[in-house]
Amino acid sequence: MQRPCGFLKFLRLEQGLVIKSTGSRYRILYGTDTIVECTIKGKFRVRELKNTNPVAVGDIVLFEFEPGKNSGIITEILDRKNYILRKASNLSKQSQIIAANIDHVFLMITIINPVTAVEFIDRFLITAEAYRIPASLIINKTDLYGEEEINRMEHLISVYEKIGYKCYRLSVTAMKGLDRLAENMKDRISLIAGNSGVGKTTLLNAFNPALNLRTEEISAYHKQGKHITTFPEMHKMPFGGFLVDTPGIRGFGVVDMQRNEIYHFFPEIFRTAENCKFYNCLHIDEPGCAVRAGVEKGEIDPLRYRSYLNIIEDDNRKYR
């Protein structure tokens with residue numbers, strides 16, 4: 001049926017914030033509390049071919065909608081101040097934008113149930129460094145730790161705080177450590193990431209019980225979490241600001257990094273590299289390498305250095 005000539009005048013172009021992305025449909029926050037369900041114009045599907053998702057949570061977009069209806073079409077993505085991405089899980093030449101326009105990223109880790117690998121932590125942190133997004137670590141489930149786990153936790157904290165990353169000890173189930181964390185998230189757009197089962201969604205429920213997000217116990221056999229959060233979603237927090245919940249990820253493939261610049265995103269290695277004999281030192285087996293000397297002297301943590309070497313030689317098969 002042919003549309004009446006005056007149809008277009010009923011369409012309005014508005015600006016909104018993407019708070020959920022499913023890859024084909026997007027939930028837009030318009031104004032203070034109006035939610036509009038949107039799709040995208042076809043042209044966005046061929047833009048930035050290396051990305052699996054052209055529109056991400058955190059994007060500021062322009063969208064057309066008809067007043068009185070709860071649906072619209074995204075017509076433009078406004079310039080991003082930043083974004084964080086990872087290599088797509090099953091498309092090795094593509095990447096996935098996790099979120100855009102983020103003020104701070106928090107990586108939640110656990111010492112047990114499940115164990116978060118140091119290399120996973122380092123891959124995430126160097127990605128945040130590469131995209132100039134401040135990052136911190138949240139160590140959850142402290143109520144479960146015995147002496148061995150506490151010693152390992154304190155060692156990790158000493159390593160990462162020495163580098164410059166703030167660390168938070170947390171027990172969400174015991175409601176310990178939440179106030180300090182909330183204070184540092186207040187009035188910001190923060191993203192929380194981590195392996196499945198570390199407690200990301202449980203933390204959001206603790207901050208805002210009205211969300212009542214679904215959670216599930218980790219697998220008793222595999223000691224890993226189940227993927228309950230399916231798509232990134234931004235939630236308003238009662239203390240001000242937003243927190244982006246992300247699907248649990250078992251590995252983190254880095255992207256857009258040249259082999260000879262990876263060390264730039266390890267702050268302690270980058271600082272030490274100024275004293276290397278050769279300006280193009282890769283800190284592998286070159287003579288006069290100050291970085292390797294720093295590892296031997298205990299000035300650079302051996303596990304961090306091992307992460308660096310693994311990423312240098314990365315084929316991503318284990319971390320997609």
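The values are calculated or read from the model by the stated rules, or taken from the named source; none is laboratory data. Remember, it's a predicted structure, so these values are computed and weren't measured experimentally. Reconstructed Cβ throughout: ideal geometry from the backbone, glycine too, with neighbour counts over all protein chains shown. Note: areas computed on protein heavy atoms with side chains; ligands, DNA, RNA excluded. Shrake-Rupley method; radii C 1.70, N 1.55, O 1.52, S 1.80 Å.
Summary of values
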{"item": "Filtered residues of region 151-197 (kept if in contact with a Lys or Arg (Cβ under 6 Å, 6 or more places away or on another chain) and aliphatic (A, V, I, L, M))", "result": "I192"}
{"item": "Hits in region 281-298 (condition: without any contact (Cβ under 8 Å) to a residue 24 or more places away in the chain, closer than 17 Å to L309 by Cα and either open to solvent by 100 Å² or more (accessible area, probe 1.4 Å) or among the β-branched types (V, I, T) (or both))", "result": "D285, V295, E296"}
{"item": "Leading residue by the ranking (farthest from I111 (Cα to Cα)) among those in region 149-170 that are open to solvent by less than 40 Å² (accessible area, probe 1.4 Å) and outside any helix (DSSP H, G or I)", "result": "Y165"}
{"item": "Number of positions in region 263-280 that are without any contact (Cβ under 8 Å) to a residue 40 or more places away in the chain, assigned to a loop (DSSP other than H, G, I, E, B) and either under 20 Å from E161 (Cβ atoms) or open to solvent by 30 Å² or more (accessible area, probe 1.4 Å) (or both)", "result": "6"}
{"item": "Matching option when the condition is at positive phi, out of contact with any Gly (no Cβ under 6 Å at 6 or more places or on another chain) and touching a residue at least 24 places away in the same chain (Cβ under 8 Å), among R123, R152, R132", "result": "R132"}
{"item": "Among the residues listed as T215, T173, the single one being in a loop (DSSP other than H, G, I, E, B) and buried (at least 16 other Cβ atoms within 10 Å of the Cβ)", "result": "T215"}
{"item": "Neighbours by Cβ (under 6 Å, 6+ apart or cross-chain): first from region 64-82, aromatic (F, W, Y); second in a strand (DSSP E or B)", "result": "F65/V36; F65/G72"}
{"item": "Residue that is surrounded by the most Cβ atoms within 10 Å (Cβ to Cβ), among those in region 112-143 that are in a loop (DSSP other than H, G, I, E, B) and in contact with a strand residue (DSSP E or B) (Cβ under 7 Å, 6 or more places away or on another chain)", "result": "N140"}
{"item": "Residue under evaluation V57, criteria (1) open to solvent by less than 20 Å² (accessible area, probe 1.4 Å); (2) more than 20 Å from S190 (Cα to Cα); (3) modelled with pLDDT of 85 or more, criterion not met", "result": "(2)"}
{"item": "Filter result for the condition that a residue is open to solvent by 20 Å² or more (accessible area, probe 1.4 Å), at pLDDT below 95 and among the small types (G, A, S), over G146, G197", "result": "G197"}
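Listed here are the residues, each with its yes/no results for (1) open to solvent by less than 40 Å² (accessible area, probe 1.4 Å); (2) touching a His at 6+ places or on another chain (Cβ under 9 Å); (3) modelled with pLDDT of 70 or more.
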site: M234; (1), (2), (3): yes, no, yes
site: G248; (1), (2), (3): yes, yes, yes
site: V255; (1), (2), (3): yes, no, no
site: Q258; (1), (2), (3): no, no, yes
site: E261; (1), (2), (3): no, no, yes
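Residue by residue, here is whether (1) open to solvent by 80 Å² or more (accessible area, probe 1.4 Å); (2) modelled with pLDDT of 80 or more holds:
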residue	(1), (2)
R3	yes, no
L8	yes, no
I40	no, yes
P67	no, no
